[in-house]
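The values are calculated or read from the model by the stated rules, or taken from the named source; none is laboratory data. It should be emphasised that the depicted structure is a prediction, and the values quoted were computed from it without experimental measurement. For neighbour counting, all protein chains shown are included, and Cβ atoms are generated from backbone atoms with ideal geometry for every residue, glycine included. Heavy atoms of the whole protein, side chains included, go into the accessibility calculation; ligands, DNA and RNA do not. Shrake-Rupley method; radii C 1.70, N 1.55, O 1.52, S 1.80 Å.
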Amino acid sequence: MSTLVTAAQVAVGINVLLLLGLCWIWGRNYLQLGSKHTLGMLVFALLLLAENAFSLYYYLVDPTLSAWFSTSVPDPAWHAMLLFHVLETLALSFLAWVTFD
């Protein structure tokens, strides 16, 4: 089970890094262009960044939940959470590739 926990932590960490880069690009573009589309992408990235930052906090820092996640969450739940984190990483990677290109 610790492999699943580590994989989820890595996926969420990558998501945070990708979202920070996307926020930087879209924030800069919004300041230059002022378009609603760019603002929408920035707000989307900020909200998703908050969600991933909370997940990373709970996985790594919170003393109660990090211990619970590591020991008491059943494998099927970890498989589902890991699948969602990895799918999000793939989606954000593609979005970052399109944005940075």
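So here's what we get for this one:
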{"item": "Solvent-accessible area per residue, Å², over the chain with all protein chains present [probe radius 1.4 Å]", "result": "62 Å²"}
{"item": "Of G34, G13, G21, the one that fluctuates the most in a GNM where the chain has Cα springs shorter than 10 Å", "result": "G34"}
{"item": "Spherically averaged projected area of the chain from its Cα convex hull (nm²)", "result": "6.5 nm²"}
{"item": "On Cα atoms only, tilt of 75-100 relative to the major axis of the chain in degrees", "result": "20 degrees"}
{"item": "Accessible surface of the chain [probe 1.4 Å, protein heavy atoms]: carbon and sulfur percent", "result": "74 percent"}
{"item": "Virtual paramagnetic centre 7 Å along Cα→Cβ of L95, amide N under 16 Å, in segment 37-79", "result": "37-55"}
{"item": "The chain: calculated mean residue ellipticity at 222 nm from DSSP helix runs of at least 4, using -39500 (n - 2.57)", "result": "-32000 deg cm²/dmol"}
